[in-house]
Every structure is written in structure tokens, then in C-alpha cells.
Amino acid sequence: QVQLVESGGGLVQAGGSLRLSCAASGSIFSIGSVGWYRQALGKQRELVATRAEGSTITYADSVKGRFTISRDNAKNMVYLQMNILTPEDTAVYYCNASIRRSIRSGVTDYWGQGTQVTVSS
């Protein structure tokens, strides 16, 4: 079994910063691409940032220059540093990872349960 657990969300004032963490645990052989997505109330889930197994990184236009995705492969951790937060960043943030559980298995997409980020004006 594989689990992704996010942490680090909370309430912050506009202009502030938060760092989200995502811990992957369980039967993991390798982790491919990882990413952060968010879903605001009444809206569809949207991509925030992704990082491939190499170094290819993609950011949503709305967060470029403010957010940074990083990963620690040795610890099976993914991070999202969020700076200069605005009320428009308020959402539930989800971690996503493509994980191979064994050398023989295929790749499966896993999601965390989400962590709430609320930015007050």
C-alpha cells in the first residue's frame, strides 16, 4: 500500500509564505513525476506545479515566480514553497505522484488527501 500525506497548510495573510510537504510511504520501488494541484471552492482541480523524474518543471502561469516545487528522492518527499501568497491562492492543495511499487509493476498515480491553504486579505 502507498500513501501520500500532505502537511504545512494553514491560514496566512496576503503576502506571506507557506511551505507544503508531501510524504510518500509504503511499498515504493521508484517515484516518477510528482506534482501539486489545487482546488478552490466551486472550481475544478487545477495544476499548480509538476516536476518530472529528471529536472523538467512546469508551473501554472498564476504561480510562476512565486512558487517553487522541489523533491527529495532519498526521503520520498515533495515540497511546494509558496511565496507572496494572495487570496486567489486559497484552495485545497493536493500532492500527486506516479509510483512504481516493484520492478515488475506498472506505474500508478497516487493522490494525497489534501491540505487547506487559506490566504486572508
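The values are calculated or read from the model by the stated rules, or taken from the named source; none is laboratory data. Computed from a predicted model, the values in this text were never measured in an experiment. Please note: Cβ atoms are built from the backbone with ideal geometry, for glycine as well, and neighbour counts cover all protein chains shown. The area values use the complete protein model at the heavy-atom level, side chains included, leaving out ligands, DNA and RNA. Shrake-Rupley method; radii C 1.70, N 1.55, O 1.52, S 1.80 Å.
Here are some notes:
- For Ser105 and Leu11, the FRET efficiency from 1/(1 + (r/R0)^6), where r spans their Cβ atoms and R0 equals 41 Å, is about 0.55.
- Annotation: amide H of Glu53 within the under-5 Å range of Ser33, sequence separation 5 or more or interchain, hydrogens built in the peptide plane.
- Highest-MSF residue in the chain out of Thr108, Thr56, Thr86 [GNM, Cα springs under 10 Å]: Thr56
- Accessible area in square angstrom per residue, the chain, 1.4 angstrom probe: 54 Å²
- In sequence order, the range 90-100 has phi-based couplings of 4, 4, 8, 9, 10, 8, 9, 8, 9, 10, 9 Hz under the Karplus curve 6.51 cos²θ - 1.76 cosθ + 1.60, θ = phi - 60°, and Gly or Pro positions carry x.
- Neighbourhood charge, 10 Å Cβ-Cβ cut-off, centred on Gln39 and excluding it, Lys, Arg +1 and Asp, Glu -1: +2
- Here the calculated FRET efficiency for Ser30 and Ser121, from their Cβ-Cβ distance with R0 = 25 Å, stands at 0.05, rounded to the nearest 0.05.
- Think of the range 1-81 as having a plus end and a minus end, set by charges on the Cβ of Lys, Arg, Asp and Glu; of Asn76, Thr58, Ala40, Ala40 sits farthest toward the positive end of this dipole.
- Mean-position separation - Cα centroids, the range 1-56 and the range 64-121, in angstrom: 1 Å
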